[in-house]
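Asker: Mind looking over this structure? Questions follow.
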Amino acid sequence: MSSIERFLPRRHLTPVSPNTTPAQDNAPVSLGIDEAPAIAVEDLCKKYHTHWAVDDVNFNVPKGWTVGLLGGNGAGKTTTIAMIMGLVVPSFGRAMVLGHDMATERHKVLSRMNFESPYVALPGRLTVRQNLTVFGRLYGVANLKARIEELIEDFELGDVLDRVTGRLSAGQKTRVAVAKALINDPDVLLLDEPTASLDPDRAEWVRSRLRAYQKRRGATILLSSHNMTEVEQLCDFVVIMSHGRIVAMGRPGELAERFKCRDLDEVFIYLARVA
Amino acid sequence: MTQSLNRIAAMTARYYYILRSSWLRLLEIVYWPAMQMMVWGFLYTYLYQSKSAMASTAGLLLGAVLLWDVLFRGQLGFTFTFLEEIWSRNLANLMMSPLQPAELAASLMLMSLIRLVIGTLPVTLLTLLLFGFNVFAMGPGLILFFLNLVLTSWAIGLVVAGLVIRQGLGAESLAYSIMIVLLPLCCVYYPVEALPVWLHPVAWSLTPTYVFEGMRAVLLDGTFRTDLMMECLALNAVYLGMGFATFVALLQSARHKGGLLTMGE
């Protein structure tokens with residue numbers, strides 16, 4: 001058995017976190033929080049033709065936590081997030097958000113969620129103000145004008161407010177996309193590489209806004225990123241995927257210790273090569 | 001209910017912003033029907049002046065062109081408005097919002113109607129001014145003709161939108177081509193009797209056939225066929241229901257297939 005296989009039961013797996021005992025291996029990993037989790041991923045699988053894009057993934061995200069979903073390209077992160085959002089129906093297992101199965105009851109919870117992804121863009125021909133207004137109305141935001149003013153201030157969008165979204169720089173578009181993701185004060189926020197196109201200064205600035213939002217709202221955040229510094233700064237817990245499976249999970253510091261690495265970057269590289 | 005109406009209004013505002021953002025788009029809505037009408041209008045004038053056997057039926061030609069355009073532009077307006085979401089990679093944003101499929105469909109229908117009015121009203125006036133053909137002379141029955149054709153265009157638009165969601169942009173060309181299948185079968189320019197007998201049931205299963213037969217009854221015999229329009233409305237109710245059910249089924253199928261998140265990439 002290779003070193004990685006100790007963390008990788010082949011079927012019906014739940015990777016072993018430092019606090020779980022073997023008896024718990026087939027149950028979603030508990031993070032030591034008694035309250036019902038904001039996100040519960042149970043035996044989640046997705047098969048495309050003959051390929052398992054996601055294979056028996058289990059994890060819970062307690063309310064108010066920020067969890068990082070990591071993995072190389074093709075690891076299954078985006079498919080997992082898409083199933084949590086209810087945009088993709090699992091082949092097996094389920095993804096629950098705030099107690100609702102996202103395959104069948106997503107409409108009950110969508111107004112309390114939001115997301116940002118580089119695969120998705122805001123309508124480029126609309127101005128920033130028009131986009132925020134349209135999405136604010138779709139989410140039924142009360143006092144929409146005041147909420148948009150708050151976001152303009154938080155994300156320093158005053159200068160671009162009446163500019164066409166499609167003509168903004170990549171960094172400005174990201175700020176607008178994150179502002180849109182927060183327009184309804186979501187309880188659950190799914191972020192797919194939220195700072196990918198930003199310079200380090202702007203990326204840190206966006207992270208600080210996300211931290212402030214999380215602290216103010218007590219929101220639950222599931223974050224996918226290739227930026228390990230970002231993950232270490234933002235996340236309480238990390239789930240690492242490879243080839244559709246979870247290969248490790250734990251607190252960022254614990255993972256580095258467990259794999260005898262200096263930081264999460266090294267853990268990521270180590271797992272990517274071994275897995 | 002109020003929230004639902006708010007979401008429909010938000011989506012309609014979104015499409016209105018797009019339309020308003022480009023005068024070229026507005027011009028395009030009028031341009032194609034206007035050019036088509038010019039061609040058929042001059043043919044109408046030629047036939048009318050030639051004193052041939054065809055002269056007496058020349059008006060039918062322009063009436064048919066105008067009504068066919070209602071059907072064709074109605075479907076294009078619906079489908080193209082939907083395709084905006086795919087082209088701008090915005091579909092996942094909408095699917096992740098509380099917007100329901102029925103609300104999306106309602107906003108697309110509303111926008112199709114707005115585009116139709118923008119496109120056909122100037123052309124109708126142009127036809128009257130240039131060629132002296134007054135489509136409003138068909139009387140109040142024209143409203144039922146219009147309503148029935150619009151309902152059919154929405155039913156077809158829903159199926160096309162569903163296919164684009166299910167199959168991706170590969171199905172985009174259906175937006176332009178699907179109506180052409182109907183053109184020979186729904187007897188736009190000739191009566192049902194002109195078709196082979198074995199095609200009659202096919203023609204009568206298509207709602208536009210009722211409208212074009214009804215138009216010919218008004219223009220040739222001066223009679224309004226209420227029976228045809230009522231049958232047509234009933235069929236349209238069935239087709240619209242089937243169109244929406246197909247849209248929802250294809251959306252659900254796309255959720256199984258995956259790809260909604262990356263749609264438009």
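The values are calculated or read from the model by the stated rules, or taken from the named source; none is laboratory data. Owing to the predicted nature of the structure, the values given are computational and were not obtained by experimental measurement. Cβ coordinates were reconstructed from backbone atoms using ideal geometry, including for glycine residues, and neighbour counts include every protein chain displayed. Each accessible area value is taken on the protein alone, full model and side chains, heavy atoms only, with ligands, DNA and RNA left out. Shrake-Rupley method; radii C 1.70, N 1.55, O 1.52, S 1.80 Å.
Asker: When you look at A:Leu189, is it within 20 Å of A:Phe59 (Cα to Cα), in contact with a Phe, Trp or Tyr (Cβ under 8 Å, 6 or more places away or on another chain) and open to solvent by less than 10 Å² (accessible area, probe 1.4 Å), yes or no?
Answerer: yes
Asker: What's the number of the condition A:Ala177 fails, among (1) open to solvent by 10 Å² or more (accessible area, probe 1.4 Å); (2) not in a helix (DSSP H, G or I)?
Answerer: (2)
Asker: A follow-up question, please. What's the number of the only condition in (1) on the phi > 0 side of the Ramachandran plot; (2) within 14 Å of chain B (Cβ to nearest Cβ); (3) buried (at least 24 other Cβ atoms within 10 Å of the Cβ) that A:Lys46 fails to meet?
Answerer: Against the list (1) on the phi > 0 side of the Ramachandran plot; (2) within 14 Å of chain B (Cβ to nearest Cβ); (3) buried (at least 24 other Cβ atoms within 10 Å of the Cβ), A:Lys46 comes up short only on (1).
Asker: A further question on this structure: Limited to segment B:232-265, what total is found for residues that are at pLDDT 95 or above, surrounded by fewer than 16 Cβ atoms within 10 Å (Cβ to Cβ) and of a type outside the set (A, V, I, L, M)?
Answerer: Going through segment B:232-265 one residue at a time, the tally reaches 1.
Asker: So B:Phe224 fits all but one of (1) assigned to a helix (DSSP H, G or I); (2) open to solvent by 60 Å² or more (accessible area, probe 1.4 Å); what number is the exception?
Answerer: (1)
Asker: So which residues in segment A:265-275 are without any contact (Cβ under 8 Å) to a residue 60 or more places away in the chain and either small (Gly, Ala, Ser) or crowded, with 22+ Cβ neighbours inside 10 Å (or both), if there are any at all?
Answerer: Of everything in segment A:265-275, just one residue is without any contact (Cβ under 8 Å) to a residue 60 or more places away in the chain and either small (Gly, Ala, Ser) or crowded, with 22+ Cβ neighbours inside 10 Å (or both), namely A:Val267.
Asker: Then there's this: Quickly run through segment A:166-181 and pick out the residues that are more than 10 Å from chain B (Cβ to nearest Cβ) and in contact with a strand residue (DSSP E or B) (Cβ under 7 Å, 6 or more places away or on another chain).
Answerer: A:Val178
Asker: A further question follows. Identify all residues within segment B:71-84 that are within 13 Å of chain A (Cβ to nearest Cβ) and touching a Pro at 6+ places or on another chain (Cβ under 8 Å); write none if there are none.
Answerer: B:Glu84 - this is the single residue of segment B:71-84 that is within 13 Å of chain A (Cβ to nearest Cβ) and touching a Pro at 6+ places or on another chain (Cβ under 8 Å).
Asker: Go through (1) in contact (Cβ under 8 Å) with a residue 12 or more places away in the chain; (2) closer than 26 Å to B:Leu67 by Cβ; (3) surrounded by fewer than 22 Cβ atoms within 10 Å (Cβ to Cβ) for B:Ala137 and report which single condition fails.
Answerer: For B:Ala137, the exception is condition (1).
Asker: Tell me the strands (runs of 3 or more DSSP E) entirely within segment A:55-165 that contain at least 3 residues that are within 13 Å of chain B (Cβ to nearest Cβ) and under 14 Å from the mean Cα position of the chain (by Cα).
Answerer: Correct list: A:113-116.
Asker: Still on this structure, I have one more. In the set A:Glu257, A:Glu266, A:Glu230, which member is acidic (Asp, Glu) and within 25 Å of A:Ala40 (Cβ to Cβ)?
Answerer: Answer to the check: A:Glu230.
Asker: Do any residues in segment B:1-24 that are facing another protein chain (nearest Cβ under 7 Å) have Cβ atoms under 6 Å from those of residues that are part of a helix (DSSP H, G or I) and open to solvent by 60 Å² or more (accessible area, probe 1.4 Å), where the two are at least six apart or on different chains, and which pairs are they?
Answerer: B:Asn6/A:Arg137; B:Ala10/A:Arg137
Asker: Residue by residue through segment B:141-150, note down the ones that are open to solvent by 30 Å² or more (accessible area, probe 1.4 Å) and either aromatic (Phe, Trp, Tyr) or touching a residue at least 12 places away in the same chain (Cβ under 8 Å) (or both).
Answerer: Answer for segment B:141-150, where residues must be open to solvent by 30 Å² or more (accessible area, probe 1.4 Å) and either aromatic (Phe, Trp, Tyr) or touching a residue at least 12 places away in the same chain (Cβ under 8 Å) (or both): B:Leu144, B:Phe146, B:Leu147.
Asker: Further question: Criterion first (open to solvent by 40 Å² or more (accessible area, probe 1.4 Å), β-branched (Val, Ile, Thr) and touching a Leu at 6+ places or on another chain (Cβ under 9 Å)) does B:Val159 satisfy it?
Answerer: yes
Asker: If B:Glu213 satisfies every condition in (1) more than 30 Å from A:Pro90 (Cβ to Cβ); (2) open to solvent by 50 Å² or more (accessible area, probe 1.4 Å); (3) among the charged types (D, E, K, R); (4) touching a Lys or Arg at 6+ places or on another chain (Cβ under 8 Å) but one, which is the exception?
Answerer: Against the list (1) more than 30 Å from A:Pro90 (Cβ to Cβ); (2) open to solvent by 50 Å² or more (accessible area, probe 1.4 Å); (3) among the charged types (D, E, K, R); (4) touching a Lys or Arg at 6+ places or on another chain (Cβ under 8 Å), B:Glu213 comes up short only on (2).
Asker: Still on this model: Exactly one condition in (1) within 13 Å of chain B (Cβ to nearest Cβ); (2) under 15 Å from A:Leu122 (Cβ atoms) is not met by A:Pro194; state its number.
Answerer: So A:Pro194 meets the others, but not (1).
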